[in-house]
Amino acid sequence: MSSFSFKRVICCLSAVISLASVPGSAKAAEPLTPVTLLSTTYLPDITGDFDHFAVDLKRNHLFVSAEVHHSVEMFDLKTGAHLQSIGGFKTPHSLAFSPEKDELLVADGGDSALILVSAEDFHHLDRIPLIDGSVTGKGDSPDAAYYDAVNRLYYIGNGGVSANLPDSEISIFSVDQGKLIDKISIPGNNVESMGIDLIHHRLYVNIRDKQQIGVVDLIAKKVIDIWTTPDLKRNTALAVDAKNQRIFVAGRSPGIFYAFDSNGKVVSQKPCVNINDDMTWDPVLKRIYISGTQGLSIFHQDSPDNYSEIANIPTNGGKTSFYVPQLKQFYVIHPKTDVDMAGLLVYRVNP
């Protein structure tokens, strides 16, 4: 065989090998979506709404509150398998986990208290009373809360309309001291999601009944500013990008995502899923995840003032969600509907 013919054979073989390495032989692989569904865990025995999540990384446990079922449901963090239904609650809402104390913190609205639970065997360690709505004939307070894992402080919204009171307060629970150490008065009767900027000592809170965002000075423990925008309605989900001093808020009816700067100016506004309840800011991939009954809206931060929607994914009506960056997994839980039983959806987060 001539050297010319031998070179042609080698070239042809190289081309065949190259084509074989490309899916479909003739086209490149499709780009990854932001998230990929890994598993669905069905919960046929649970009816009613779910609320928020917490995670015990040491034991590989994922917790979510089941309000109507009066329980905290526990799953395997990696696989999503259902492990246990933990009872003994009235209306559990927000959850937090303290690895230092090995405790699960449960804001129980029906009990008007913060319940401390052993992460080892789930017996109740303590009950911290909060505003008791039963005195005025109502009692589903507290609800929304935020855990500052750096300072081990739990900010718990309570009072307001759920306790038949005109205004609300944020109770501050110290995990280290095991007691309430302070409170912040909030001029509104419906406190929703909160977020903290530890760099600038600010806490931001949705005051939904007034379509406002309250700016709290964490040193003075008081509201120092109130923001709003003309088309803001039923603002519920909230997250904070402390580095760029951007506060993300999602309204309902219609679902709209807002990015505010540190002066309360709206720098970006985009449609998003409606009846949203949770929002996560991922500073590594620069993504915002907003979960609502219409699905999961995912935005990318192109710059601090510019955002583009990169996905809108159905989630069977799941409006609460949670991201575990250590595993690069994202979780959404949805209630039972006329067409589907309740279930936990586990997604892989793609770069």
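Quick note: the coordinates plus some simple rules give every number you see, no bench work behind them. If you're wondering where the values come from, they're calculated on a predicted model, not measured in any experiment. All Cβ positions, even for glycine, are placed from backbone atoms using ideal geometry, and neighbour counts span all protein chains on display.
Between residue 36 and residue 245, the FRET efficiency estimated from the beta carbon spacing at R0 = 41 angstrom works out to 0.80. For residue 222, the aspartates and glutamates whose Cα falls under 12 Å of its own Cα, not counting residues fewer than eight places away in the same chain, are 169, 182. Among 91, 337, sorting on how many other beta-carbon atoms sit within 10 Å of each Cβ, with the fewest leading, yields 337, 91.
Extension gain for residue 339 to residue 327 (0.36 nm times residue separation, less C-alpha to C-alpha distance): 1.2 nm.
Database remark: amide H of residue 320 closer than 5 angstrom to the amide H of 333 (H placed geometrically; neighbours at sequence offset of 5 or more, or on other chains; Pro and chain starts carry no H). Within a straight-line Cα-Cα reach of under 16 Å, residue 78 can be paired with the following lysines, leaving aside sequence neighbours fewer than 8 residues apart in one chain: 58, 328.
Using +1 at the Cβ of each Lys and Arg and -1 at the Cβ of each Asp and Glu in the range 154-295, identify which of 207, 173, 272 lies farthest towards the dipole's positive end. Positive-most Cα among the choices belongs to 272. Dipole size of the chain about its Cα centre, with +1 on Lys/Arg Cβ and -1 on Asp/Glu Cβ: approximately 1380 debye, rounded to the nearest 20.
Based on DSSP H segments of at least four residues, each scored -39500 (n - 2.57), the chain has a per-residue ellipticity at 222 nm of -1500 deg cm²/dmol.
Restricting the calculation to Cα atoms, the range 190-350 yields a radius of gyration followed by a Dmax of 15.3, 50 Å. Bridgeable aspartates and glutamates around residue 336 (alpha carbons under 18 Å apart, same-chain partners fewer than 8 residues away excluded): 45, 49, 51, 67, 73, 277.
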